[in-house]
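Enquirer: Below: one structure in structure tokens.
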Amino acid sequence: MKQIATFAFAIAAVASLGACSKNAQDQSAEAANAIGADLGATTRNAVDDVQAATDQALDRAGSAMDNAGDKLKAGSEKADKSLDQHLDKAGDAIRNGADRARDATGNALKDAGNTIDKH
């Protein structure tokens, strides 16, 4: 900002030097050119700095998204494994219950058959 103000002041000074000597006008023009070059370099540096900061921010955001995706995948795999285990346990419980019911039914039928044979 300071360089912009200095540049504007230099332009105003050059404009008011219409009555000055050729040497003074040349020196003023050189000074204005130097200020303009400095302003251009400063602007390019600022643009480069903003671009670098933007690139860093985008890289960090990309990394954060990659990490979140990895965590989501790992959590999904863990939930899938846990669900499989619970379904296996439920299947085992149903199978065991069906086996016990079959055995109880078989025993009841045997008892009924034995009772009929006795009478």
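Enquirer: Under a point-charge model restricted to the Cβ atoms of Lys and Arg (+1) and Asp and Glu (-1), what is the dipole moment magnitude of the stretch 31-90 relative to its Cα centre, in debye to the nearest 20?
Expert: With only Lys, Arg, Asp and Glu charged at Cβ, the dipole is about 220 debye.
Enquirer: Follow-up question, since we're still on this one. Residue-wise, which Karplus ³J(HN,Hα) couplings in Hz belong to the stretch 101-118, taking 6.51 cos²θ - 1.76 cosθ + 1.60, θ = phi - 60°, and x for glycine or proline?
Expert: 5, 5, 4, 5, 5, x, 5, 5, 5, 4, 4, 5, x, 5, 5, 5, 5, 6
Enquirer: Where does the stretch 15-119 land on Rg/Rh, using Cα atoms and the Kirkwood Rh?
Expert: Here Rg/Rh amounts to 1.90.
Enquirer: Only Lys, Arg, Asp and Glu count, each charged at its Cβ (+1, +1, -1, -1), so figure out the dipole size of the stretch 74-119 about its Cα centre, rounded to 20 debye.
Expert: Taking the Cα centre of the stretch 74-119 as origin, the dipole is about 160 debye.
Enquirer: So what J values fall out for the stretch 77-88 if you push phi through Karplus, 6.51 cos²θ - 1.76 cosθ + 1.60 with θ = phi - 60°, rounded to Hz, Gly and Pro as x?
Expert: 3J(HN,Hα) across the stretch 77-88, in whole Hz: 5, 5, 5, 4, 5, 5, 4, 4, 4, 5, 5, 4.
Enquirer: How much space per residue, in cubic angstrom, does the convex hull of the C-alpha atoms of the stretch 58-103 take up?
Expert: Hull volume over Cα atoms, normalised by residue count, gives 27 Å³.
Enquirer: Provide, as a two-decimal number, the C-alpha radius of gyration of the stretch 35-85 over 2.2 N^0.38 Å, N being how many residues it has.
Expert: Relative to the rule-of-thumb radius for its length, the stretch 35-85 sits at 2.24.
Enquirer: Okay, moving on. Considering the options Ala61, Thr105, His86, tell which one lies farthest towards the positive end of the dipole of the stretch 54-119, charges being +1 on Lys and Arg and -1 on Asp and Glu at the Cβ, about the Cα centre.
Expert: Final value for the positive-end residue is Thr105.
Coordinate-derived values only; no laboratory data. Just so it is clear, the structure is predicted and the values come from calculations on it, not from any experiment. So basically every Cβ, Gly included, is an ideal-geometry build from the backbone, and we count neighbours across all protein chains shown.
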